Amino acid sequence: MNILFRKIKYLDRSAQSLIEGELLVQDGKIADFGPSLGAPEGAEIIEAEGAILCPGLVDMRAAIGEPGYEYRESVSSAAKAAAAGGITTIAVLPETNPVIDDPALVHFLRARGEETGSITLLPYAAATRGLAGKELAEYGLLQQAGAVAFTDGSKPIASSRLMRLALSYASGFGACIVQHPEDAELARGGAATAGPRATWMGLPAIPAAAEAICVARDIRLAELTGGALHFAHITTAEALDLIRRAKEKGLKITCDTAPPYFDLNETAIGDYRTYAKLSPPLRVEADRQAVVAGLKDGTIDAIASDHQPRDADDKRLTFADAEPGGAGLATLLGVTLARVQNGDLPLAQALALLTAKPAAWLGIDAGVLAKGRAADLCLFHPEKSWQVQAGSLPGKAQNTPFDGRALEGVVLGTWKAGRRVYG
Amino acid sequence: MASMKHLLGIEGLNPASVTNLLDLAESYALLNRSGKTQRDSLRGRTLINLFFEDSTRTRTSFELAGRRLGADVVNMSVATSSVTKGETLLDTAATLNAMNCDLLVVRHKSSGAPALLAQKVGASVINAGDGTHEHPTQALLDALTIRRNKGRISGLTVAICGDIAHSRVARSNILLLTMMGNFVRLIGPPTLLPGAIAVNGVEIFHNMEDGLKGADIVMMLRLQKERMTGGLVPSPREFFTYYGLDRKKLACAKPDALVMHPGPMNRGVEIDSEVADDATRSLIKEQVEMGVAVRMAVLETCARSNQ
């Protein structure tokens with residue numbers, strides 16, 4: 001099946017600006033693009049005036065409930081949500097049951113992704129066996145099976161000794177350790193970021209310093225071992241400063257953040273709204289602004305959905321008892337585009353944070369429009385708007401912290417290897 | 001009287017509504033003393049005391065208040081051990097809705113539990129203490145007790161001492177006292193006194209003698225035993241030495257300063273018996289008496305707003 005996209009805008013890779021033109025897909029691959037292409041016979045023609053065609057988004061961090069927590073999200077329901085959000089590749093966390101710490105499970109998840117026909121699943125494997133934080137997982141075998149990096153998911157690798165070992169051992173395979181940056185002791189039992197709000201709401205609190213302390217320690221350990229280290233969902237000004245300096249030093253340090261941390265602050269927890277209970281917690285406004293600055297100046301390497309599916313029983317509890325985590329697949333593009341609309345980020349930079357940059361970090365052939373590449377595409381209209389509504393999101397998980405938020409940027413269609421999977 | 005469907009906290013009240021509640025409570029206090037205790041303004045109404053945490057005195061106080069107004073009172077105590085998941089909380093809410101309960105008095109270990117229930121039930125929800133968030137009827141009864149003894153509830157210096165960090169009583173009192181125009185001093189060791197709690201009109205002290213200087217009211221808080229085992233203070237005797245109220249420390253306050261405690265007291269930990277039992281200085285018994293009157297006022301006001 002051949003497709004010719006006409007009257008669309010796309011980002012020219014070198015010029016970093018929007019060009020009006022056409023893009024041709026042949027045999028599932030990007031065949032050509034330019035100001036004007038002839039339509040081959042029998043090609044489906046898609047005209048979308050005003051719409052932007054970009055590479056399918058590459059979400060470098062999402063949890064899916066499969067295997068073990070399918071009541072929250074299964075691979076097929078996540079694939080639906082992803083397609084509706086313009087996402088064609090997802091790196092998935094190993095916090096499943098069983099934990100992804102065995103090569104067979106890595107194969108299983110990759111295959112489950114392929115079965116959907118709409119997403120590529122790239123599994124992270126556990127950094128420590130069973131995510132127990134005691135002993136290293138089999139990095140070599142897991143990597144060979146297709147694991148993209150090693151992480152304990154939503155749990156920090158707490159022990160300094162073990163973190164040193166992990167970074168050191170992984171470096172032998174050229175593999176990266178992904179850390180949930182939070183001092184486990186300081187964060188224990190916490191439900192909100194420390195400050196007047198948590199104090200007056202009577203909520204157990206996590207100081208912002210819990211993030212910086214972990215980041216400072218791990219940067220030092222990366223330096224000691226020469227290992228590659230990635231910090232997931234950075235949320236504080238102080239941690240970003242540490243990462244900025246480490247990068248200047250030339251250390252192999254990268255980081256990402258997620259839409260809630262540059263779009264919302266602690267006030268979103270309002271009247272004990274458990275959908276806004278996240279891990280790490282939403283921070284104060286100054287930290288949110290620092291995250292925006294980190295996106296601007298390139299300290300932050302990617303924007304991930306940080307999708308954490310939860311069902312009603314996980315969330316319809318008192319705030320301290322509710323499970324942290326927010327659904328993020330369907331809103332990843334829209335909330336990021338809000339930073340473009342308000343002038344914080346140029347469009348090219350925002351899209352790169354969702355496509356080329358995470359793809360490069362993952363080391364995959366995706367995230368850029370290039371001839372010969374698989375036609376993983378997302379067509380969206382940047383000026384059409386929609387309203388986020390918990391209860392009517394695509395996929396299973398409805399626990400969005402953005403409930404009620406109006407967003408500009410409607411996904412009109414998503415294609416995986418040239419096959420339309422949404423719209 | 002302003003409309004007040006729920007009483008979830010002092011936050012959300014204004015000085016006028018506090019004064020109205022205190023005036024109504026004062027009239028009930030006088031009636032209670034005169035022995036004319038029985039009224040029928042809540043006849044035919046159902047009050048459920050839903051306590052997820054043990055509390056004999058608060059529950060009894062609400063029960064008595066409800067009965068004196070003619071309500072049918074049901075006590076539901078849900079042992080904390082069996083409540084590990086909050087589904088129980090919402091399941092209970094569904095059950096209570098089906099019973100057509102009018103007034104729901106809730107105590108829960110988690111901050112925000114009454115707010116969650118208020119979204120799900122038709123009844124008026126009255127917060128009888130939620131986690132480390134608020135305990136509004138305690139602050140109201142403290143205010144009434146102070147007003148009766150000092151003749152006013154503004155322009156006073158009130159020292160609140162002890163475990164501020166984990167105290168819902170402290171939060172509600174700080175909100176109420178500052179809203180009514182008093183000066184609040186918070187006294188305690190830094191591990192039990194979060195700096196973030198300081199708002200306008202609030203001063204923080206780590207030295208009790210300094211904090212008590214010029215105080216009209218000394219309000220002591222209960223120190224939970226688990227705070228000691230949790231390592232926030234090293235030992236009861238060290239705590240008592242620096243933050244326990246005895247005659248010597250009380251002498252730093254104004255000569256006519258009065259002592260309060262929400263109970264139950266840990267004698268010898270936060271308060272010396274000699275002070276607690278001194279009828280000329282201690283308002284502790286009157287606090288309990290005012291508790292019933294204040295809860296009558298709150299129940300009646302909420303019931304009227306939710307007809």
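Just so you know, all these numbers are worked out from the coordinates, no wet-lab data involved. Computed from a prediction, not measured in an experiment: that's the story for all the values here. A quick note on method: Cβ atoms are made from the backbone with ideal geometry, for glycine too, and the neighbour counts reach across all protein chains shown.
Would you work out the relative contact order for chain B, in percent, from Cα pairs under 8 angstrom that are 6 or more residues apart? Worked out over chain B, it gives 22 percent. Remark: the protein assembly as shown carries a charge dipole of roughly 1480 debye about the Cα centre, counting +1 on each Lys and Arg Cβ and -1 on each Asp and Glu Cβ. Report, in degrees rounded to the nearest 10, the 0 to 90 angle that the Cα long axis of helix B:168-179 makes with the longest principal axis of chain B. Around 80 degrees separate the two axes. Build a GNM of chain B with springs between Cα atoms under 10 Å: which of B:Asn100, B:Asn75, B:Asn200 gets the top mean-square fluctuation? Evaluated over chain B, the most mobile residue of the options is B:Asn200. Backbone amide hydrogens, once placed in the peptide plane, bring A:Tyr422 within less than 5 Å of A:Thr414, excluding anything fewer than 5 places away on its chain.
When chain B is modelled as a GNM with alpha-carbon springs shorter than 10 Å, which of B:Gly35, B:Gly263, B:Gly70 fluctuates the most? Maximum among the listed residues: B:Gly35.
Taking the Cα centre of segment B:108-174 as the origin, how large is its charge dipole in debye, to the nearest 20, when only Lys and Arg (+1) and Asp and Glu (-1) carry charge on their Cβ atoms? Don't jump to the answer; show the numbers that get you there.
Details: 8 positive and 4 negative charges, 46 e Å.
Roughly 220 debye for segment B:108-174.
Normalised Debye scattering of the protein assembly as shown at q = 0.05, 0.07, 0.09 Å⁻¹ gives log10 I(q)/I(0) of -0.32, -0.58, -0.86, counting only Cα atoms as equal scatterers and leaving out solvent. Could you tally up the Lys pairs in segment A:54-362 with alpha carbons closer than 17 Å? Skip any pair fewer than 8 positions apart unless they're on separate chains. The number of close lysine pairs in segment A:54-362 is 7.
Rounded, prolate or oblate: pick one for segment A:54-362, where a ≥ b ≥ c are the square roots of the eigenvalues of its C-alpha gyration tensor, a/c under 1.5 means rounded, and failing that, prolate if a/b is larger than b/c, else oblate. Let's see the in-between values first.
Values: a/c = 1.21, a/b = 1.11, b/c = 1.09.
Rounded, because the longest to shortest axis ratio a/c is under 1.5.
Using the empirical formula 2.2 N^0.38 Å as the baseline, the Cα radius of gyration of segment B:136-283 reaches a ratio of 0.94.
Distant-in-sequence amide contacts of A:Lys7, defined by a placed amide H-H separation under 5 Å and a gap of 5 or more residues or a different chain, comprise A:Gly21. Relative contact order for segment B:91-216: 19 percent, from Cα pairs under 8 Å spaced at least 6 residues apart, divided by residue count. Can you tell me the orientation of helix A:332-341 relative to chain A, as the angle in degrees between its alpha-carbon axis and the longest Cα principal axis, to the nearest 10? Once rounded, the angle reads 80 degrees. Computed about the Cα centre, the dipole magnitude for segment A:54-362 is approximately 460 debye when only Lys and Arg (+1) and Asp and Glu (-1) carry charge, each at its Cβ. Here chain B carries DSSP beta bridges of which approximately 5% are antiparallel, counting only pairs with both residues inside.
Between A:Thr120, A:Thr274, A:Thr318, the Gaussian network model of chain A with springs among Cα atoms under 10 angstrom shows the greatest mean-square fluctuation at A:Thr318. Computed over segment A:54-362, relative contact order equals 17 percent, with contacts defined as Cα pairs under 8 Å that lie 6+ residues apart.
The long axis of helix B:15-34 is offset from the longest Cα principal axis of chain B by roughly 80 degrees. Amide H contacts for B:Ser282 (H built 1.01 Å from N in the peptide plane; partners 5 or more residues away or on another chain; cut-off under 5 Å): B:Val259. Histogrammed with a bin width of 10 Å, the alpha carbon distances of chain B distribute as 6, 28, 35, 23, 8, 0 percent, first bin at zero.
With unit charges on the beta carbons (Lys and Arg positive, Asp and Glu negative) and the dipole taken about the Cα centre of segment A:54-362, which residue among A:Ala210, A:Ala82, A:Gly270 sits farthest to the positive side? Towards the positive end, the residue furthest out is A:Ala210. Calculated mean residue ellipticity at 222 nm for the protein assembly as shown: -10000 deg cm²/dmol, from DSSP H runs with n ≥ 4 weighted as -39500 (n - 2.57), summed, divided by the residue count and rounded to 500.
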